[in-house]
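Inspection log for the structure reproduced underneath, given as structure tokens.
The values are calculated or read from the model by the stated rules, or taken from the named source; none is laboratory data. These figures come from a predicted structure and were not determined experimentally. Note that we place each Cβ from the backbone using ideal geometry, even for glycine, and neighbour counts take in every protein chain shown. Surface accessibility is based on the protein's heavy atoms, side chains included, excluding ligands, DNA and RNA. Shrake-Rupley method; radii C 1.70, N 1.55, O 1.52, S 1.80 Å.
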Amino acid sequence: MTALLRLHGVTAFYGAIQALKGVDLEVNQGEIVTLIGSNGAGKSTLMMTICGNPRARSGEIHYDGSDITQLPTFEIMRRGLAQSPEGRRIFPRMSVHENLLMGAYGRAPGEAAEDMERIFALFPRLKERLAQRGGTLSGGEQQMLAIGRALMSRPRLLLLDEPSLGLAPLVVRQIFGAIRELNRATGLTVLLVEQNAFQALRLAHRGYVLVNGAITMAGTGPALLARPEIRAAYLEGAH
Ligand SMILES: Nc1ncnc2c1ncn2[C@@H]1O[C@H](COP(=O)(O)OP(=O)(O)O)[C@@H](O)[C@H]1O
Ligand SMILES: [Mg+2]
């Protein structure tokens, strides 16, 4: 397998605070990889550092065979990465339709219409709510919209930051089911950041554990789920 994304020794800082302490991580073409870790571990920072903000202070980030470590964010995104950020960040006053179009910025209108149909097949609820303002959607619907908007750029690598945050278990299953279906049907590569370790490790082909800015464990989803340290730290009482 070829690595679509490869991080080597990546560090990142907020002023004097070091949030990433030399992260090595790979995401192969066609994989779902999850990064689990508790609140404050540095998961969102890692996601944002891949996109160039904050910038990695040292280490290297390679995407699709080229070094993107120093590229401006817009240039990184132009190469086929799309991000659904933590907290969804949809436009609350815009309709579902307008929010989706924001994700298609710069693309031909015909292509955007085609992509929207694919997103409606994945999340039929969005089609029913097309004219509704983003801010009035339920949490689960807003998450579907955030993922849909990210998909509008036709990414090769989808970065998802805590899609399950604050959602009821049934809605989490729907969202994760849609991610699995996307990956299975289109081969889309996914890097999924989650505190919800049980669901994320069940979905992912492989996973990494981030503790205090450093990777402490890596392995297949089932292997990590079976580790007693993981069970004790992340899964006790989770299901
Ligand atoms: N904008 C910021 N300025 C200063 N410190 C930050 C900022 N964002 C995050 N941090 C700190 O960096 C660390 C990692 O945060 P974050 O990446 O958000 O963790 P996670 O997503 O795993 O919860 C935390 O200690 C957090 O307080
Ligand atoms: Mg976070």
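Observations, loosely collected:
- Selected residue (only one of Leu201, Leu191 is in a strand (DSSP E or B) and either in the same structural domain as Gln143 (by TED's automatic domain parsing) or under 23 Å from Val10 (Cβ atoms) (or both)): Leu191
- Qualifying residue in region 91-104 (condition: open to solvent by 60 Å² or more (accessible area, probe 1.4 Å), assigned to a helix (DSSP H, G or I), more than 25 Å from Leu5 (Cα to Cα) and without any contact (Cβ under 8 Å) to a residue 40 or more places away in the chain): yes
- Verdict on Leu46 being closer than 18 Å to Tyr208 by Cα and part of a helix (DSSP H, G or I): yes
- Residue selected from region 182-220 under the condition away from ligand 1 (no atom under 16 Å from the Cβ) and free of Cβ contacts under 8 Å to residues at least 12 places away in the same chain, by the criterion nearest to Ser38 (Cα to Cα): Arg184
- Among the candidates Ala121, Ala178, Ala146, Ala113, the residue that is under 24 Å from Glu75 (Cα atoms) and either touching a Phe, Trp or Tyr at 6+ places or on another chain (Cβ under 9 Å) or in a helix (DSSP H, G or I) (or both) is uniquely Ala146.
Each row is one residue, and each column tells you yes or no for (1) within 17 Å of the chain's Cα centre (by Cα); (2) surrounded by 18 or more Cβ atoms within 10 Å (Cβ to Cβ); (3) more than 25 Å from Ala104 (Cα to Cα).
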residue	(1), (2), (3)
Leu20	no, yes, yes
Asp24	no, no, yes
Gly30	yes, no, no
Ser58	no, no, yes
Ile61	yes, yes, yes
